[in-house]
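Before any comments, here is the structure.
The values are calculated or read from the model by the stated rules, or taken from the named source; none is laboratory data. All figures in this text were calculated on a predicted structure; none of them were measured in a lab. Heads up, the Cβs are rebuilt from the backbone with ideal geometry, glycines too, and the neighbour counts pull from every protein chain shown. Only protein heavy atoms, including side chains, enter the accessible area calculation; ligands, DNA and RNA are left aside. Shrake-Rupley method; radii C 1.70, N 1.55, O 1.52, S 1.80 Å.
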Amino acid sequence: MKNTGFSILVLATLAAIGWTFLTPDALRNGPTVEKLTLTGSSTIAPLAAEIGKRFEMLHPGARIDVQSGGSSRGIGDARTGLAHIGLASRALKADESDLHAHTIALDGIALIINQSNPVPALGRKQIVEIFTGKINNWRDVGGTDAPITVVNKAEGRSTLELFLQFFGLQGTDVKPHVIIGDNQQGIKTVAGNANAIGYVSIGSAAYEAEHGAPIKLLPLDDAEATIDNVRNGSFPLSRPLNLVTHGKAYGLAESFIEFAQSDQVHDLIEAQYFVPIYR
Amino acid sequence: MISSKRNTLSLSTADRRLGAILGLLAVTAAMVAVSILFFLIDESRPLLNRISPARLILDASWHPTQGLYDLSPMLSATLLASLGALLLAVPVGIGSALFGRYYAAAWLTAGYRRMIELLAGIPSVVYGFWGLTMLAPWIGRFEPPGVSLLTAILVLAIMILPTVALTADAALAAVPQSRHRCAAALGLSRWTAISGVLLPSARKGIVSGILLAAARAVGETMAVLMVAGNVVQHPHGLFDPVRTLAANIALEMAYAGGDHRAALFASGLVLLCIVLILAGTVQWYKARDFYDQK
């Protein structure tokens, strides 16, 4: 019959659609599923989700649910028990001693300029004045007579948040000439513009500079912008990425934290341009 | 309708079945478009319920994390960049179609058309990369920072040029042979025939192509994101960096939450409205049968 092939195709399509819709139900009714809820910092959330995926593969019974909403939410949810683990992209404050912080990685950002720019270093005050538009020529900070191109990050990025917080600025204070999304775009922009200054995650900047991108990482407070200096704590513009628990972690939460701190996830940490910690 | 049976008076079962299945698929495609519209409305509602939509163009600036949602600079940048790209791409595109169809030697025509088709097939991110690493630094040497409205216009113009050229070419190809012969019989010169007979006959197709190209320019994201500079401001000149609506969504969506996220969906809604207006104009223009009525 002529139509057989066609009928088979239609049936196969319907079967595939049915399969797609029905499988999750089958999973839901499956054997005991233990769920782990993580909430907090939008910086850590993507990383935690990646680690969660790998953790689920190793522990078939576990479901890792990650929601972002800021470090304060992470601290609050961990304290009230709404989440098993809170995500906080900062060190714990003095009044948070009831919580335990487990650092899984470090996040540092480096100021970058074009390689052809002769300026060797900038002080904190100079950086603030450049980004707020009070200094707009490289001549004023010991460079050549050329207008400065300020490269800023798009709203919502954690790099922007850390940068503003570190230099005590508001988002509206910065007077940018170029706004970029991810680190790569920032590096390409600075590499292509001899008079640009920007800031990106140290991991990506160090990698690109090593692989021939014509950019320079500026030292800050006499500390070279290197991954090693972020790791040993001498580079000031950095912060820890913490998993926070109320009291001592036990059960699934404990094994997740152990997994997130192990070297099995270092490739995931580096893929997000954070700095893994070697223990 | 083409039937798979010799007797065309009644449809065969195969045709009826195929018709039903194809109808179902067509409805699915239409439903996707409608559901995207509803999705955008639904996602931007948390914000639009609380603040008046007028604030989307009347707020002081775009700082969504501080509760300021002014989309108007991005609206003007989107429209100006697209308009600028059209001003460059339309004359060149129509010229290239005329050249390929009426002036070029036969052996050149085929190769030339392949080249234009190739240009249409290059992914937009490649244009963006070229703009970011070659064009922007070059413009930056004269007018820093280089990434600017002008760079966006140039990259967009190159991107929509093949759309304009190919649709114009197809429209010219569809002009009936009888018009060519009439023009020849009247003893018109080649240029008079083109400007007086062939171009007006193909006008509908050419204008539809231009509007399609405009829709593509309005919605282009990655290439513009890489070369426009993305500073939220009404441009005062060609060398000012600007941010388009599409680039705004791509830049901020990954890290947005709450009202910020809803505001981005609202910019998506505005973008969709612009594209709908363009598509509606195409339909309206096609429906007007002005040339053949005379």
When both residues are 6+ apart or on different chains and their Cβ atoms are under 7 Å apart, which pairs have a first residue that lies in the range B:188-200 and is open to solvent by less than 40 Å² (accessible area, probe 1.4 Å), and a second that is part of a helix (DSSP H, G or I) and of a type outside the set (Gly, Ala, Ser)? B:Ile194/B:Leu98; B:Ile194/B:Tyr102; B:Val197/B:Arg179; B:Leu198/B:Leu172; B:Leu198/B:Arg179; B:Pro200/B:Tyr291
So which residues in the range A:115-157 are part of a helix (DSSP H, G or I) and surrounded by 15 or more Cβ atoms within 10 Å (Cβ to Cβ), if there are any at all? A:Gln126, A:Ile127, A:Val128, A:Glu129, A:Ile130, A:Phe131, A:Trp138, A:Val141
Can you find a residue that is touching a Ser or Thr at 6+ places or on another chain (Cβ under 7 Å) and open to solvent by less than 60 Å² (accessible area, probe 1.4 Å) anywhere in the range B:175-183? yes
Heads up, the strands (runs of 3 or more DSSP E) in the range A:31-111 (entirely inside) with at least 2 residues that are touching a His at 6+ places or on another chain (Cβ under 9 Å) and under 21 Å from A:Ser262 (Cα atoms) are A:34-40, A:85-88
So which residues in the range B:128-143 are more than 8 Å from chain A (Cβ to nearest Cβ) and small (Gly, Ala, Ser)? B:Gly128, B:Gly131
Considering only the range B:47-61, how many residues are out of contact with any helix residue (DSSP H, G or I) (no Cβ under 7 Å at 6 or more places or on another chain) and either assigned to a helix (DSSP H, G or I) or buried (at least 19 other Cβ atoms within 10 Å of the Cβ) (or both)? 2
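Taking the range A:156-178 on its own, how many of its residues are of a type in the set (Ser, Thr, Tyr) and touching a residue at least 40 places away in the same chain (Cβ under 8 Å)?
2
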For B:Leu87, are the conditions met, namely being at pLDDT below 90 and surrounded by fewer than 15 Cβ atoms within 10 Å (Cβ to Cβ)? no
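Residue-by-condition table, conditions (1) small (Gly, Ala, Ser); (2) more than 10 Å from chain A (Cβ to nearest Cβ):
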| residue | (1), (2) |
| --- | --- |
| B:Asn230 | no, no |
| B:Leu245 | no, yes |
| B:Ala256 | yes, no |
| B:Leu264 | no, no |
| B:Gly268 | yes, yes |
| B:Leu271 | no, yes |
Looking at A:Thr149 and the list (1) within 14 Å of chain B (Cβ to nearest Cβ); (2) more than 23 Å from A:Glu129 (Cβ to Cβ), which single condition is not satisfied? (2)
All positions within the range A:134-146 that are more than 10 Å from every other protein chain (Cβ to nearest Cβ) and either modelled with pLDDT of 90 or more or touching a helix residue (DSSP H, G or I) at 6+ places or on another chain (Cβ under 6 Å) (or both): A:Lys134, A:Ile135, A:Asn137, A:Trp138, A:Arg139, A:Asp140, A:Val141, A:Thr144, A:Asp145
Need the failing condition index for B:Phe99 against (1) free of Cβ contacts under 8 Å to residues at least 24 places away in the same chain; (2) in contact with a strand residue (DSSP E or B) (Cβ under 9 Å, 6 or more places away or on another chain); (3) assigned to a helix (DSSP H, G or I), just the number. (2)
Which numbered condition in (1) modelled with pLDDT under 90; (2) within 19 Å of the chain's Cα centre (by Cα) is the only one that A:Ile85 fails? (1)
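Residue by residue, here is whether (1) out of contact with any Ser or Thr (no Cβ under 9 Å at 6 or more places or on another chain); (2) touching a residue at least 12 places away in the same chain (Cβ under 8 Å) holds:
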{"residue": "A:Lys134", "(1), (2)": "yes, no"}
{"residue": "A:Ala154", "(1), (2)": "yes, yes"}
{"residue": "A:Ile180", "(1), (2)": "no, yes"}
{"residue": "A:Gln184", "(1), (2)": "no, yes"}
{"residue": "A:Thr189", "(1), (2)": "no, yes"}
{"residue": "A:Gly203", "(1), (2)": "yes, yes"}
A:Glu96 vs (1) open to solvent by less than 20 Å² (accessible area, probe 1.4 Å); (2) outside the structural domain of A:Gln261 (by TED's automatic domain parsing): all pass except (2)
